[in-house]
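The values are calculated or read from the model by the stated rules, or taken from the named source; none is laboratory data. What you see is a predicted model; the values in this text were computed from it and never measured. Positions of Cβ are backbone-derived with ideal geometry, glycine not excepted, and every protein chain shown enters the neighbour counts. Remember, those area values only see protein heavy atoms, side chains included, never the ligands or the DNA or RNA. Shrake-Rupley method; radii C 1.70, N 1.55, O 1.52, S 1.80 Å.
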There are 2 protein chains.
Amino acid sequence: MNNFTFYNPVKILFGKGQISAIAQEIPAGSRVMITYGGGSIKKNGVYDQVMEALRDYEVLEFQGIEPNPHYETLMQAVDIAKRKQVDFFLAVGGGSVIDGTKFIVAAVEYEGADPWNILAKRERVTKAAPFGAVLTLPATGSEMNSGAVVTRVSTKEKLSFGSPFTFPKFSVLDPETTFTLPKRQISNGVVDAFSHVLEQYLTYPVNSPLQDRMAEAVLLTLKEEGPKAVQNPQDYNTMANFMWAATMALNGVIRVGVPTDWATHYIAHELTALHGIDHARTLAVVFPALLRYKSEDKKEKLLQYGERVWGVDRGTEDERIEATIQATIAFFESLEVQTKLRNYEVGQDTIDTIIRRFEERGVKDLGERADIQIEDVKQILMLSL
Amino acid sequence: MNNFTFYNPVKILFGKGQISAIAQEIPAGSRVMITYGGGSIKKNGVYDQVMEALRDYEVLEFQGIEPNPHYETLMQAVDIAKRKQVDFFLAVGGGSVIDGTKFIVAAVEYEGADPWNILAKRERVTKAAPFGAVLTLPATGSEMNSGAVVTRVSTKEKLSFGSPFTFPKFSVLDPETTFTLPKRQISNGVVDAFSHVLEQYLTYPVNSPLQDRMAEAVLLTLKEEGPKAVQNPQDYNTMANFMWAATMALNGVIRVGVPTDWATHYIAHELTALHGIDHARTLAVVFPALLRYKSEDKKEKLLQYGERVWGVDRGTEDERIEATIQATIAFFESLEVQTKLRNYEVGQDTIDTIIRRFEERGVKDLGERADIQIEDVKQILMLSL
């Protein structure tokens with residue numbers, strides 16, 4: 001096992017009715033800015049529950065944080081929050097709203113030359129305004145970690161940052177808030193969470209049996225509960241299990257002491273940045289290709305994953321690895337998430353564009369062994385055509 | 001799944017060499033009291049590493065916190081810490097030293113009539129001095145939770161308390177600090193951690209597949225790594241896996257949203273209080289008897305536990321449950337931890353004493369269904385004779 005530091009101070013309030021508890025978590029007298037997306041929370045009752053819980057606070061609203069939150073939009077919120085002297089932020093929505101709010105709370109307190117540098121130059125965040133979250137879409141895990149991804153529309157860049165100061169103070173996970181989700185968002189969420197686990201698990205063995213089994217626990221839960229969630233999103237226990245699995249997939253517990261990959265995410269972000277394809281769908285395209293391309297390096301873990309998650313225990317090693325990748329593809333496609341670039345009308349020209357952008361940005365050394373170079377990225381994308 | 005709140009802000013510094021990192025976690029200029037036990041840390045190099053890491057601090061030492069830490073001893077530390085105006089405490093040792101230090105930091109800041117009331121009357125702790133821990137014995141999980149158990153020698157009482165203010169700020173888990181542990185302490189640690197999981201897992205189903213699999217992940221790790229740890233305590237990876245499993249067994253992750261039992265602990269504490277039997281050994285005595293006595297109420301989870309942890313998948317339900325309890329007993333005994341009261345020269349008279357003490361204390365409604373009455377405790381203890 002590798003050395004590690006683990007720290008996650010997010011307080012989770014899980015279950016039906018928990019939105020009413022948020023007032024106990026926000027300092028009395030705070031001026032609160034609630035941030036949200038396109039307004040679905042006004043249709044499903046979540047907005048009303050939040051406003052009722054905040055009835056003793058002065059509340060400002062910032063609406064319109066889009067999927068893959070835009071830097072340009074977030075900076076508008078920063079401007080308003082500074083002028084209105086907001087004390088506390090409350091993100092109400094899915095991962096994009098929460099990610100966007102992480103950037104807002106960091107940028108509000110930023111004292112450097114240009115807040116874009118938090119993303120572009122990875123300038124260290126040294127303080128941030130406090131915030132909480134009410135999660136309405138299980139997927140990204142942002143509700144219980146300190147990382148965020150922000151897109152700059154003007155330059156089509158999708159970049160990430162993280163800081164010990166950008167953990168939510170609390171997150172409410174009420175499965176009932178997910179009952180009205182479109183099927184597409186649920187299936188995306190399952191694939192996203194599943195991919196998060198694979199990034200932290202399908203690397204190489206370092207003698208970490210507990211972390212391996214914990215990762216497999218999340219994968220098996222998503223395998224079993226994910227399809228049920230898509231079919232029946234009003235079943236409380238199904239949505240509760242899916243919601244908690246998506247959170248556990250990326251709160252740091254399964255990552256401790258093991259190598260992580262994240263090359264798939266890095267490559268897939270380009271497809272969203274260039275074509276606006278749903279994040280989960282870009283992962284479903286890149287992951288199978290990357291697993292095939294790196295199957296020799298990932299052999300031990302692929303065999304273990306195949307056996308413990310998909311019951312693949314017969315045939316030669318090569319056959320078992322192929323069957324395991326096929327099972328992963330079949331799982332994604334059973335959720336109506338397609339796994340080839342051509343399904344999204346993306347072709348060779350996009351691959352060329354990504355490679356050129358990576359060359360310009362100086363990308364190299366991706367993956368758990370830091371051995372994926374730009375030429376490898378090209379091969380992986382060719383395999384996903 | 002049940003509603004839950006999860007909060008665990010302990011920073012974990014895991015791995016070889018991590019003791020040197022503690023100075024970054026303690027405010028500069030603090031007057032630090034290090035608390036420890038019988039002095040084994042002076043023989044295995046841990047004391048020297050700690051003092052080297054704290055070379056820029058003013059350090060006081062409080063030695064002599066015993067196994068099942070004594071209220072009387074801890075109050076001496078409280079007295080010294082108050083007089084010397086200690087700012088920060090550092091527990092260096094196993095669960096007893098860490099538990100004892102939790103009581104010290106709460107009692108130092110206590111403003112009520114009698115700090116014993118924190119334990120005896122469960123008076124709420126509203127503040128506590130900050131502390132960290134350097135763990136040298138994987139077992140209790142105290143390094144990553146806020147609970148503690150303290151024994152009052154004069155009245156032979158062993159009582160617990162907990163508070164959001166008594167989480168360690170950080171805990172160092174360096175597997176190399178365990179290399180010189182006596183075999184008996186390692187086997188006790190395995191049984192203790194294993195029992196912690198069983199208390200949170202062997203109850204009744206609430207549709208929580210992820211929590212179940214996470215609990216099973218810890219059990220399987222302890223099943224595989226525990227015997228290896230006893231045999232070869234200088235194998236780094238074995239001790240690392242055992243150490244992390246013992247921490248994960250009681251840091252709250254596997255408990256979220258599920259019922260918990262804890263009757264075994266409550267009953268077993270009496271055996272330590274009255275006879276000084278090692279904590280883990282008292283658990284190994286009471287647990288099998290309690291499982292037999294409550295096998296009907298725990299049927300579904302016992303069958304699942306048997307199948308997933310011990311591979312028991314044949315026979316009638318009754319046969320499988322009996323085989324599962326037998327496998328648990330065999331596991332404990334394979335670690336040279338005996339499972340009957342008679343092995344510890346305890347007989348009927350002790351059962352009578354415990355029942356009388358429970359009657360005096362007004363104990364009732366133990367277990368996950370709050371249905372274990374004093375008469376049931378008697379039956380359980382009779383089964384363990």
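Side notes on the structure shown:
- Members of segment B:169-180 found to be buried (at least 24 other Cβ atoms within 10 Å of the Cβ) and either β-branched (Val, Ile, Thr) or more than 14 Å from chain A (Cβ to nearest Cβ) (or both), listed by number: B:VAL172, B:THR177, B:THR178
- For segment B:311-345, a tally of residues being of a type outside the set (Lys, Arg) and over 21 Å from B:ILE380 (Cα atoms) returns 9.
- Residues of segment A:1-47 satisfying the condition of being assigned to a strand (DSSP E or B), crowded, with 18+ Cβ neighbours inside 10 Å and away from every other protein chain (no Cβ under 12 Å): A:VAL32, A:MET33, A:ILE34, A:THR35
- Residues in segment A:176-187 that are part of a loop (DSSP other than H, G, I, E, B) and among the hydrophobic types (A, V, I, L, M, F, W, C): 2 in all.
- Among the residues making up segment A:105-134, those that are over 14 Å from A:SER146 (Cβ atoms), under 22 Å from the mean Cα position of the chain (by Cα) and in a helix (DSSP H, G or I) are A:ALA107, A:ASN117, A:LEU119, A:ALA120.
- Count - residues of segment B:181-210 that are buried (at least 23 other Cβ atoms within 10 Å of the Cβ) and of a type in the set (Phe, Trp, Tyr): 2
- Residue within segment A:72-84 that is hydroxyl-bearing (Ser, Thr, Tyr), within 21 Å of the chain's Cα centre (by Cα) and either in a loop (DSSP other than H, G, I, E, B) or surrounded by fewer than 22 Cβ atoms within 10 Å (Cβ to Cβ) (or both) present: yes
- For segment B:112-165, the set of residues classified as among the polar types (S, T, N, Q) and open to solvent by 50 Å² or more (accessible area, probe 1.4 Å) consists of B:THR126, B:SER154, B:THR155, listed by residue number.
- Residues that are surrounded by fewer than 21 Cβ atoms within 10 Å (Cβ to Cβ) and either free of Cβ contacts under 8 Å to residues at least 60 places away in the same chain or in contact with a Lys or Arg (Cβ under 9 Å, 6 or more places away or on another chain) (or both) were ranked within segment B:326-338; the one that is nearest to B:LEU220 (Cα to Cα) is B:ALA327.
- Filter result for A:ALA148 (of a type in the set (Gly, Ala, Ser), in contact with an Asp or Glu (Cβ under 7 Å, 6 or more places away or on another chain), under 22 Å from A:ALA280 (Cβ atoms) and in a loop (DSSP other than H, G, I, E, B)): no
- Among the conditions (1) within 14 Å of chain A (Cβ to nearest Cβ); (2) acidic (Asp, Glu); (3) part of a loop (DSSP other than H, G, I, E, B), B:ASP313 misses just one, which is (1).
- Test: residue in segment A:165-175 that is at pLDDT 95 or above, part of a helix (DSSP H, G or I) and of a type in the set (D, E, K, R): no
- Condition check for B:VAL97: touching a residue at least 40 places away in the same chain (Cβ under 8 Å), away from every other protein chain (no Cβ under 14 Å) and closer than 28 Å to B:ASP235 by Cα: yes
Residues checked against (1) surrounded by fewer than 18 Cβ atoms within 10 Å (Cβ to Cβ); (2) of a type in the set (A, V, I, L, M, F, W, C):
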{"position": "A:GLY347", "(1), (2)": "yes, no"}
{"position": "A:ILE355", "(1), (2)": "yes, yes"}
{"position": "A:PHE358", "(1), (2)": "no, yes"}
{"position": "A:GLY362", "(1), (2)": "yes, no"}
{"position": "A:GLY367", "(1), (2)": "no, no"}
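- If you go through segment B:203-227 and pick out every residue that is over 16 Å from A:ILE254 (Cα atoms) and either more than 21 Å from the chain's Cα centre (by Cα) or aromatic (Phe, Trp, Tyr) (or both), you end up with 6.
- Verdict on A:VAL50 being open to solvent by less than 10 Å² (accessible area, probe 1.4 Å) and among the β-branched types (Val, Ile, Thr): yes
- Of the criteria (1) among the β-branched types (Val, Ile, Thr); (2) open to solvent by 20 Å² or more (accessible area, probe 1.4 Å); (3) touching a strand residue (DSSP E or B) at 6+ places or on another chain (Cβ under 9 Å), which one B:VAL97 fails: (2)
- Output for segment B:183-223, where each listed residue is closer than 17 Å to B:SER334 by Cβ and at the interface with chain A (Cβ under 8 Å from one of its Cβ atoms): B:LEU220, B:THR221
- So B:ASP192, is it under 21 Å from B:GLN18 (Cβ atoms), out of contact with any Pro (no Cβ under 8 Å at 6 or more places or on another chain) and of a type in the set (D, E, K, R): no
- All of A:SER208, A:SER195 fail the test of being touching a Gly at 6+ places or on another chain (Cβ under 6 Å), small (Gly, Ala, Ser), farther than 14 Å from B:LEU210 by Cβ and not assigned by TED's automatic domain parsing to the domain that holds A:SER142, apart from A:SER208.
- Annotation note: of B:ILE380, B:ILE351, the sole residue that is farther than 26 Å from B:PRO227 by Cα, in a helix (DSSP H, G or I) and within 22 Å of the chain's Cα centre (by Cα) is B:ILE380.
- Residue in segment A:257-268 that is at positive phi and touching a Phe, Trp or Tyr at 6+ places or on another chain (Cβ under 6 Å) present: yes
- Any chance B:ASP56 is open to solvent by 10 Å² or more (accessible area, probe 1.4 Å), more than 14 Å from every other protein chain (Cβ to nearest Cβ) and not in a loop (DSSP other than H, G, I, E, B): no
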